[in-house]
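The values are calculated or read from the model by the stated rules, or taken from the named source; none is laboratory data. In this text, all values refer to a predicted model and were calculated from it rather than measured experimentally. All Cβ positions, glycine included, derive from the backbone under ideal geometry; neighbour counts span all protein chains shown. These area figures cover heavy atoms from the full protein model, side chains too; ligands, DNA and RNA do not enter into them. Shrake-Rupley method; radii C 1.70, N 1.55, O 1.52, S 1.80 Å.
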Amino acid sequence: MHEVGLICSLMDQVTESAAQNGITRILSVKLVVGKLTLAQPDFLHFAFANLSPGTIFEGARLEIEERPLVLRCAACGTETRPEYLDYFCPACGERMEIISGDELFIEYYEGDNGEDRSGG
């Protein structure tokens, strides 16, 4: 289950950025995941939930945007959304290029410095 490794990496990156920006508590993280990464959103959520306690992520929400696999033929322009990667165009047989589906990045995170903002 490579999802645990992905979440560990995500948490490391966000923790480093948060420290540089005076953020001590993470409220939410948005992760963009393409179909070709083979990362399963349910497993990503599971890993996040189990790695968060006792960290700045405790209680944070993980949002995952899944991106479909989209291929385009460089020769004829045919676009397809295949279930699996197919390198050759179904219309002309030429090589397809990946337009979407190989993404894996943190789109944003939200956090604060943990201070009470209620004014009381």
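Structure summary
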{"read-out": "Carbon plus sulfur fraction of accessible area for segment 1-50, probe 1.4 Å, in percent", "value": "56"}
{"read-out": "Helix 3-20 vs. the chain, principal-axis angle (Cα, 0 to 90°, nearest 10)", "value": "50"}
{"read-out": "Contact order relative to length of segment 3-65, as percent, for alpha carbon pairs under 8 angstrom and 6 or more apart", "value": "49"}
{"read-out": "Angle in degrees between helix 41-51 and the longest Cα principal axis of the chain, rounded to the nearest 10", "value": "20"}
{"read-out": "Segment 11-119 - accessible surface per residue (Å², probe 1.4 Å)", "value": "62"}
{"read-out": "Rg over Rh, two decimals, the chain (C-alpha only, Kirkwood Rh)", "value": "1.15"}
{"read-out": "Approximate spin-label separation Tyr84-Ser100, in nm, with each point projected 7 Å along Cα-to-Cβ", "value": "2.3"}
{"read-out": "Estimated 222 nm signal from helices in the chain, with DSSP H stretches of n ≥ 4 weighted -39500 (n - 2.57), rounded to 500", "value": "-8000 deg cm²/dmol"}
{"read-out": "Rounded FRET efficiency, nearest 0.05, which uses the C-beta distance separating Asn21 from Asn50 and R0 of 30 Å", "value": "0.70"}
